[in-house]
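The values are calculated or read from the model by the stated rules, or taken from the named source; none is laboratory data. If you're wondering where the values come from, they're calculated on a predicted model, not measured in any experiment. Glycine also receives a Cβ, built like all others from the backbone with ideal geometry; neighbour counts cover every protein chain displayed.
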């Protein structure tokens, strides 16, 4: 009887050892796959960060368009853009919480509408302007506006992939307020990123119907 039990025990151990080894091998394989995916994610994030850094404030024309956007009345701005061979086909405001560069659900909703326009116009240019309220010092607010603009750039580049050279971002910090900084409501209006979608006039002339007369997107 004892010998029979010993034999059974050996058989069970013989079956169990390969299972345990296989289990360890499977776990090791899974860990390696997870590590590979994480490494790929990190590399893609680093690549996008470098690309964002490359396009930030890199276009002199984008800076000129930014000046036009905030130093001219709407009608005069349209004329100036026309002289540059451009036409605005969409505009969206993404709001931000106090001292934050995280995209809220309201900001994402506004940007999703902008992304739809980009998908419909793959050759469009995208100007991104970051702002802050006057709480804090000027240098900090300029950096905060930049971080907000970068967050918007990443979001749009992910949802409307293409040539990043069509994106340009500029931070105005606390400059160019749209609301009074003396009130809570006014400061909330100033914590924003404005996205302006432009297409070249030659492309605009080729489009007809609703695309040609599409109103600016606002939020």
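Is it true that some residue in the range 137-154 is touching a helix residue (DSSP H, G or I) at 6+ places or on another chain (Cβ under 8 Å), exposed (fewer than 14 other Cβ atoms within 10 Å of the Cβ) and either more than 20 Å from residue 182 (Cα to Cα) or assigned by TED's automatic domain parsing to the domain that holds residue 199 (or both)? Checked the range 137-154: no residue is touching a helix residue (DSSP H, G or I) at 6+ places or on another chain (Cβ under 8 Å), exposed (fewer than 14 other Cβ atoms within 10 Å of the Cβ) and either more than 20 Å from residue 182 (Cα to Cα) or assigned by TED's automatic domain parsing to the domain that holds residue 199 (or both).
Filtered by the rule that a residue be over 15 Å from residue 101 (Cα atoms) and either in contact with a strand residue (DSSP E or B) (Cβ under 7 Å, 6 or more places away or on another chain) or touching a residue at least 60 places away in the same chain (Cβ under 8 Å) (or both), the range 132-155 gives a lone residue, 138. Selection of the range 159-185 for residues being assigned to a helix (DSSP H, G or I), modelled with pLDDT under 90 and out of contact with any helix residue (DSSP H, G or I) (no Cβ under 8 Å at 6 or more places or on another chain) yields only 166. May I ask you to verify whether residue 114 is crowded, with 20+ Cβ neighbours inside 10 Å and either outside the structural domain of residue 78 (by TED's automatic domain parsing) or more than 25 Å from residue 99 (Cα to Cα) (or both)? For residue 114, the condition - crowded, with 20+ Cβ neighbours inside 10 Å and either outside the structural domain of residue 78 (by TED's automatic domain parsing) or more than 25 Å from residue 99 (Cα to Cα) (or both) - is not met.
Kindly indicate whether residue 91 is closer than 30 Å to residue 180 by Cβ and at pLDDT 95 or above. Considered against the rule, which asks whether it is closer than 30 Å to residue 180 by Cβ and at pLDDT 95 or above, residue 91 comes out as no.
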